[in-house]
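Please read the structure below before turning to the comments.
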Amino acid sequence: MDTILNYNAVHSVYNQTNEETKRENNIEDEKILEDRRLKEMQRIEYLEAKLIDDLKKKEEIEKEKKKAEEEQLKRQKEEQERKKVQERKVQRLTSIPEEPEPDKDTTSEIAFRLATGRRITRRFPKDCTIQVI
């Protein structure tokens, strides 16, 4: 009978130890799972933050590109306007008739005072229109 009691006592201690080991293993498994969940959440948050940063960089690059294109268009328009003004100046200079010889009957003399104080005098034919002058 002592042997049976010893067996039961040993078996009981073994079962208790086995149960405690199982509980410890379950706790360790839960800690491992919790650590894995935490790492996965951190990885997801990192990827989300990286995605947001990448999108911001892409938007910034697009804004800079758009700004550069607008500046280029502005420079092209300014250059075209300068060319038009220069062409008009050349056209006006070429459309002015040659200055006739001084003759009181057929010519008129017109004097212009410039903002610098300089005075320009030029002769035109009497039948010349104001557009030519």
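Scan the range 113-133 for residues that are loosely packed, with under 10 Cβ neighbours inside 10 Å and among the hydrophobic types (A, V, I, L, M, F, W, C) and report the count.
The total comes to 4.
How many residues are exposed (fewer than 10 other Cβ atoms within 10 Å of the Cβ) and either assigned to a strand (DSSP E or B) or within 52 Å of the chain's Cα centre (by Cα) (or both) when one looks only at the range 100-112?
So in the range 100-112, the residues exposed (fewer than 10 other Cβ atoms within 10 Å of the Cβ) come out as 101-102, 104-105, 111.
Applying the additional criterion that residues be either assigned to a strand (DSSP E or B) or within 52 Å of the chain's Cα centre (by Cα) (or both) yields 111.
Going through the range 100-112 one residue at a time, the tally reaches 1.
Right, Gln91: modelled with pLDDT of 90 or more and closer than 30 Å to Val132 by Cβ or not?
Numbers: modelled with pLDDT of 90 or more: no; closer than 30 Å to Val132 by Cβ: yes.
Answer is no for this residue.
Given the criteria at pLDDT 90 or above, among the basic types (Lys, Arg) and farther than 30 Å from Gln131 by Cβ, does Lys77 qualify?
On the way: at pLDDT 90 or above: yes; among the basic types (Lys, Arg): yes; farther than 30 Å from Gln131 by Cβ: no.
Against the criterion (at pLDDT 90 or above, among the basic types (Lys, Arg) and farther than 30 Å from Gln131 by Cβ), Lys77 does not qualify.
The values are calculated or read from the model by the stated rules, or taken from the named source; none is laboratory data. Just so you know, these numbers come straight off a predicted model, no measurement behind them. Neighbour counts are summed over all protein chains in view; Cβ atoms, including those assigned to glycine, are modelled from backbone coordinates with ideal geometry.
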